[in-house]
Amino acid sequence: MTNQEIFQRAQQTIPGGVNSPVRAFKSVGGTPRFIAKANGAYIWDIEGKQYIDYLGSWGPAIVGHAHPEVLAAVQEAATKGLSFGAPTEGEVILAEKICELIPSIEQVRLVSSGTEATMSAIRLARGATGRNKIIKFEGCYHGHSDSLLVKAGSGLLTFGNPSSAGVPQEFVSHTIVLPFNNLEEVKKAFAEVGQDIACIIVEPVAGNMNLVKPQAGFLEGLRELCTQYGALLIFDEVMTGFRAGPKGVQGLTNITPDLTTLAKVIGGGMPVGAFGGRQDIMQQIAPLGAVYQAGTLSGNPVSVAAGLKTLEILSRPGFYDVLSKTTTELVNGLSDLARQHNVTFSADSIGGMFGIYFRENIPTSFAEVQQSNIQAFNVFFHAMLDEGVHLAPSAFEAGFVSASHTEEILAKTFAAADKAFVTVAQ
Ligand code: PLP
């Protein structure tokens, strides 16, 4: 069966043929590749075509696909039973490991997805502060819970409009949306309604509007404002946790958030999320406190086994040095090739994640990301796909490198890009 045939068939029973919208290739056009298997840095579609994978399951596949040690851990766990609905030792070990690796996390609760982690962290922030309002930033994605699905507002204290049908205006009336990297706007918001603000939630390096790094002083300023006004600072490190560096962005910047959300890498490819932070705050969750939070499959033993083994592998000496060297080489190589082909292009990376932008300079805000040449990206994306390189199917997504991306694989990627940039330049 071809990708096209199964995509047609899928649309009969699955809305849009996919179980998560961006998989549908809507923004780049064409037919999504239905993946049959993956190994290391490669994925294969159902037609048997091989691709170098820079999607990395949207982040989790940091040690490479189907890593033998992770598979062995999963198999061993699975033979003992798939889910018990009662506590296990593995959960305790994973919690201890997370607390050991990320010092701001004194206690942690495991959930099953990033969406659950952020949704629960916000409920906890509201419960702990007794306040309702939250601040989020344009272009930052924190999962699909109602109060976080908010369109970018314009200007100070423009309260968000729902960006999805089915979200009542009242549900987002407490969500303040401000421009990323604009501390002045945050200061104004606090000056106006600071006593009502429960928390700021931020992707400390934004990875859902392509890749946008915080400018000097931005995260520090958020920390200071939260401390000054008694609001909580939540770092959503669902994407950046154990990906941007061994302690996430907080480890790189030495900023201590009150709460942190994690997912992706800590599940090693299985469904896991987590939220954690200051013990005094975390102890306000049920069964100790009044903030309710629960989950049938939370701390699932098979997922925990995959996550633990993944964290063990990436704790080995030199793991992040190699990962970030590979990622830097990738973006430098692509930038050189773009220059040779006279294509307007820039690129950036941190740890094992990267952004490519069809614009002159690396963007610092959602507005700037939107000024990229989306058409050029789409042409590049398809040309790369034809050449056997699978990028994220949208100009607004970051890319991911794994420990399995070798020099040889980079060389193949550059050979593909050399051809793809010719197509873009035409
Ligand atoms: N937060 C961030 C920063 C994310 O990148 C994502 C997903 O991409 C989420 C939250 C939601 O995670 P999930 O898709 O596991 O629900």
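A short reminder: the numbers here are calculations on the coordinates, not readings from a lab. These numbers were taken from a predicted model, which means no experiment stands behind them. Using ideal geometry, Cβ is built from the backbone for each residue, glycine included, and neighbour counts are taken over all protein chains shown.
Below, the figures for the structure above:
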quantity: Zero-based 5 Å bins, Cα pair distances in the stretch 168-315, whole percents; calculated: 2, 9, 16, 19, 19, 17, 11, 6, 2, 0
quantity: Two-site label geometry, Ile374 and Ala415: point separation in nm, points 7 Å out along Cα→Cβ; calculated: 3.4
quantity: Exposure proxy order (Cβ contacts within 10 Å, fewest to most) of Tyr42, Tyr292, Tyr357; calculated: Tyr292, Tyr42, Tyr357
quantity: Calculated [θ] (222 nm, deg cm²/dmol) that DSSP helices of n ≥ 4 give over the chain, each run adding -39,500 (n - 2.57); calculated: -11500 deg cm²/dmol
quantity: Nitroxide proxy distance, nm - points 7 Å out along Cα→Cβ at Glu96 and Lys37; calculated: 3.7
quantity: GluC sites (Glu not before Pro), loop per DSSP, at most 14 other Cβ atoms within 10 Å - longest free stretch of the chain; calculated: 48-359
quantity: Selection from Ala274, Gly299, Gln169 lying farthest towards where the dipole of the chain points positive, charges on Cβ; calculated: Gln169
quantity: Space enclosed by the convex hull of the alpha-carbon atoms of the stretch 68-314, per residue, Å³; calculated: 120
quantity: Label point 7 Å beyond Cα of Val422 along Cβ direction - residues of the stretch 361-399 with amide nitrogen under 18 Å; calculated: 379-389
quantity: Lys, Arg +1 and Asp, Glu -1 on Cβ, resulting dipole of the chain about Cα centre, debye, nearest 20; calculated: 480
quantity: D (Stokes-Einstein, µm²/s), Kirkwood Cα radius, the stretch 1-49, 0.890 mPa s at 25 °C; calculated: 216
quantity: Approximate spin-label separation Gln195-Met1, in nm, with each point projected 7 Å along Cα-to-Cβ; calculated: 6.1
quantity: Footprinting exposure proxy for Ile93, Ile134 (fewest neighbouring C-beta atoms within 10 Å first); calculated: Ile93, Ile134
quantity: Kirkwood-Stokes translational diffusion coefficient of the chain, alpha-carbon pairs, 37 °C, 0.692 mPa s, µm²/s; calculated: 148
quantity: Highest-MSF residue in the chain out of Gly241, Gly207, Gly90 [GNM, Cα springs under 10 Å]; calculated: Gly90
